[in-house]
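The block underneath contains the structure these notes are about, expressed in structure tokens.
The values are calculated or read from the model by the stated rules, or taken from the named source; none is laboratory data. Just so it is clear, the model here is predicted, and its values are computed rather than measured. Every residue, glycine as well, gets a Cβ built from its backbone with ideal geometry; the counts of neighbours run over all protein chains shown. Note: accessible area is taken over every heavy atom of the protein model, side chains too, but ligands, DNA and RNA are not part of it. Shrake-Rupley method; radii C 1.70, N 1.55, O 1.52, S 1.80 Å.
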Amino acid sequence: MLWTASQVCRRFSTSSHYYQNKLKLAIIGQSLFGQEVYTNLRKHGHKVVGVFTVPDKDGKADPLAVAAEKDGTPVFKFPRWRVKGKPIPDVVEAYKAVGAELNVMPFCSQFIPMNIIDLPKHGSIIYHPSILPLHRGASAINWTLIHGDKKAGFTVFWADDGLDTGPILLQRECAVEPNDTVDTLYNRFLFPEGIKAMVESVQLIADGKAPRIPQTEEGASYEGIQKKSNAKINLAQSAKAIHDWIRGHDKVPGAWIAINGQPVTLYGSSLFGGSAPAGQPLEIEGASQPGLVTKNGLILYGNDGKALLVKNLQFEDGKMIPASKYFSSGESSSVELTDDEKKMAEEIRNIWKGILSNVQAIEDTTDFFKSGAASMDVVRLVEEVKQKCPSVQLQSEDVYMATTFQDFIQMFVRKLRGEDQEEELVIDYVKVNNMTVKMPYQCFINGKFEDAENGKTYETINPTDGKVICKVSYASVEDVDRAVAAAKDAFDNGPWGKMNPRDRGSLLYKLADLMEEHQEELATIESIDSGAVYTLALKTHVGMSIQTFRYFAGWHAAEPLGVCAIIIPWNYPLMMLAWKSAACLAAGNTLVLKPAQVTPLTALKFAELTVKAGIPKGVINILPGSGGMVGQRLSDHPHIRKLGFTGSTPIGKQIMKSCALSNLKKVSLELGGKSPLIIFMDFNHIHSVYFNKGENCIAAGRLFVEESIHDEFISRVVEEIKKMKIGDPLDRSTDHGPQNHKAHLDKLLEYCSTGMKEGATLVYGGRQVGRPGYFMEPTVFTDVEDHMFIAKEESFGPVMVVSKFKDGDVDGVLQRANDTEYGLASGVFTRDINKAMYVSERLEAGTVFINTYNKTDVASPFGGFKQSGFGKDLGEDALLEYLKTKAVTVEY
């Protein structure tokens, strides 16, 4: 076999662990975690000479025992290691016989005598799920959350005769997300990273490099095992403390309250901001005020007046229901199964039988948990059913809420049919131009609209008259963290990342169809929020957005990056969203998007359409708010793997720096421009600057006109400007609408003032139009010299900056056109094709237009050079921005 140089390197790196030092290991413990540690240690070349685990329960072996027995590894299932404080001689002798050099204890519920701990050459190492010396004891993860710790983690330490007091070998930590539970924290970090750490620790010991760092007693804490009996919630405390108590007991042992004298266990808590929706009061013992059963769940109040939302309730008989169904839990009727659904039900029955191997037959009344299933069996059931039917969004909570086989099948079929979807989103209604426009105004996180966590809002303004359109949620750093956590969970655990690319594409096609169905509504929102002329908004802002999603829906990609952040500008709110998010989603990523603070409304309307299209919750999250807060947190967030930004060069530089310093996330930047347009004497063109009011990153920011036609060209430009109708962008006859927002209008007026002060000739415009709103006269400057401010910096407005060049001086005008730090776009107008090609080859810009301008295509890559940024939107190149390349070498 012939190997390339890179393959040889890869081959060596993946095979090199076989040449490292290896140990004989005894694995003492249990659980799926123990199984994974065992399997990975063997993969890395260590020899497991014995597995010591717990006896079978209800005829079912522990996962660690199952894996070891399958491999032929000696397995010992001792019910105990000592009696009355003394080691059992037969057990000790059986252990000694395997000849282990190191004991590895990934998770062990039994008490192991010290003569076993100390016997091997290298002693024993233990995994503990806290950052020792904090939270010693068996309920470490619970107490991490109960105390509201900002950081969680784990420790691998050397066992001694104390309780989690041995010297530290290795530690890892992670941030605690606002709504983490024991399960999410374990599944996201403690489980996968813990497996790696155990393998790393064993290799450090084998190589003689493992440290023994004594634990300090400073900051040490020990908390006892949490049991159901002491998990009752004290409601006479803050909402945050109640929330932490609930999530610290979710799923085991479960925090509970008393309702009508009966204990009810609460699951799925999250802090709740904003005003409470309509609901039915529920008296709760010990609460400062009644709870509220709403369509979103049960709202509870702390003694600080703040609230939290509980998703699920479980009663004494083990039945779990959505909290929103507390007053109507018994009202649902059964569904009649089709023939295909009956076949699927039998396949699921076989899955149940495989898990509940101790049960002779799976009847309709068979209860999953009463038949001996544990939490790890829930995970197995969910994953095996997903393999059979990937389109069904099944979660662990669903198993707890449908514990009998019959109820489980009913729940599954409802999900399969889409009958379990949440109620229609709550939206606001605004009457605009005789058209009822549905405009969401809240943050869109994890598939639903909700107020910012701190309840703050801000006003978004209609640039046509300067009046308030509506108040929009002002997202906080906490909202960013919640959105990123939702996106990460959707990527790691949801159906999106596991979905066939063809199925993902089908959803994107459906989304494009919905955008087309709502195109007039989207164009209207775009017009009133950004000032775009309606006809342009309909054709370009919305039309090209639809084309973009349809284009990327056809791509089949692999190896997505994970959670991506997208920050878009205010000039083309919907189209910039589409250019970036369509490629991101087609690649299989999830995203958190921040629209421009001044133009959030089409992005939020888009969010509503994604729900209707069936995009799974958490895949798309949209946060209106400030760049300094939301944008900065996205740049800094450790769980975001890619950030795509369109905006100014200074902000792009700051984003790039933050992305590098945080976690070296991948970045693509589409930044400022000062795009040159060269017009030769054999061709006249005038409209390139005034497209979209000049609020266009590729607008011809500087025109070079051949001297012999210069004066005629300027005259024609002024004639055409005088014909333009300036006015309400919703008026179908309007040619030129308002600038996007007042601060930008003020900047344009200052720009024009600077041009006049520097000596450029103001031929037309340069002033605000005398009417309400942020209207700017189309403006023409001539006699612009290369050193002037307006020759070097973009206006991002309807300002034509014209310089003349000598007839025939092609190389001279090229030098002047390229004398800029920007390189986004450029253009050349001539009927001489040889001249056009000569010029286009030498223009230093990512896009060159010949005898046209502003005509982009969804299949053609778009992006700049120099300080106009790097990375591409549109085309195959854009897809690659949201993918990673992995080389896999197989030796056979």
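Odds and ends about this structure:
- Rounded to the nearest 20 debye, the dipole size of the range 24-207 about its Cα centre is 320 debye, using +1 on the Cβ of Lys and Arg and -1 on the Cβ of Asp and Glu.
- Computed from the C-beta positions of Ile833 and Asp465 and an R0 of 41 Å, the FRET efficiency is 0.30 to the nearest 0.05.
- Principal semi-axes in Å for the range 339-417 [√(5λ), Cα gyration tensor, largest first]: 18, 14, 11
- If the convex hull is drawn through the Cα atoms of the chain, its volume per residue in Å³: 210
- Taking amide H as placed 1.01 Å from N in the peptide plane, the amide H of Val48 sits under 5 Å from that of Leu25, each at least 5 places away or on another chain.
- Across all directions, the average projected area of the convex hull around the alpha carbons of the range 228-325 is 5.5 nm².
- Expressed as a whole percent, the accessible area of the chain that falls on carbon and sulfur atoms is 51 (1.4 Å probe).
- Taken over the range 59-110, the convex hull of the Cα atoms encloses 118 Å³ per residue.
- Each of Phe713, Trp158, Phe412 was scored by the projection of its Cα onto the charge dipole of the chain, and the greatest displacement toward the positive side belongs to Trp158; charges sit on the C-beta of Lys, Arg, Asp and Glu.
- In percent, rounded to a whole number, the relative contact order of the range 525-634 is 27, using alpha-carbon pairs under 8 Å and six or more apart.
- Contour minus Cα-Cα distance for Lys196 and Asp819 (0.36 nm per residue): 219.0 nm
- If you plug the beta carbon distance of Val252 and Glu520 into 1/(1 + (r/R0)^6) with R0 = 51 Å, you get a FRET efficiency near 0.45.
- Test item: Cα-centred dipole of the range 512-611, Lys/Arg +1 and Asp/Glu -1 on Cβ, debye: 320
- Loop-located trypsin sites (Lys or Arg not before Pro) in the range 326-392 whose Cβ has at most 15 other Cβ within 10 Å (DSSP): Lys370
- When both the range 866-885 and the range 601-648 are represented by their alpha-carbon centers, they are found 18 Å apart.
- Projected label distance in nm at Phe865 and Asn500, using a 7 Å step from Cα toward the beta-carbon: 4.4
- Set Lys319/Lys353; Lys855/Lys884; Lys57/Lys77; Lys665/Lys886; Lys43/Lys196 screened for pairs whose C-alpha atoms are more than 19 Å apart: Lys319/Lys353; Lys855/Lys884
- As a calculated quantity, the FRET efficiency between Thr761 and Arg732 at R0 = 56 Å, using C-beta atoms, amounts to about 0.95.
- Ranked packing of 568-580, 858-870, 310-322, most packed first, by mean Cβ within 10 Å: 568-580, 858-870, 310-322
- Relative contact order of the range 228-325, defined on C-alpha pairs under 8 angstrom at six or more residues apart (%): 28
- Distance (nanometres) between label positions extended 7 Å along Cα→Cβ at Glu283 and Ser357: 5.2
- Shape category assigned to the range 499-539 from the gyration tensor of Cα positions, a/c cut at 1.5: prolate
- Rg then Dmax, both in Å and based on the Cα atoms of the range 259-314: 10.6, 31.
- Qualifying trypsin sites (Lys or Arg not before Pro) in the range 743-828, where qualification requires a DSSP coil assignment and no more than 16 other C-beta atoms within 10 Å, comprise Arg767, Lys806.
- The chain, relative contact order [Cα under 8 Å, separation at least 6], %: 7
- For the chain, calculated [θ]222 nm from helices alone, where every DSSP H run of n ≥ 4 adds -39500 (n - 2.57): -10000 deg cm²/dmol
- Pairwise label distance in nanometres, His44 with Ala138, each label 7 Å out on the Cα-Cβ vector: 2.8
- Reciprocal mean inverse distance between Cα atoms of the range 442-670 - Kirkwood radius, Å: 17.2
- When each of Lys386/Lys642; Lys96/Lys228; Lys151/Lys209 is checked by Cα-Cα distance, pairs over 30 Å: Lys96/Lys228
- Considering only the Cα atoms of the range 536-648, their convex hull presents on average a projected area of 7.0 nm².
- Tail fraction, Cα-Cα pairs, the range 748-892, threshold 25 Å, whole percent: 46
- Taken about its Cα centre, the chain carries a charge dipole of about 1840 debye when Lys and Arg each add +1 at the Cβ and Asp and Glu each add -1 at the Cβ.
- Cα pair distances exceeding 31 angstrom across the range 24-207, given as percent: 14
- Directionally averaged projected area (convex hull, Cα atoms, the range 808-892), nm²: 8.4
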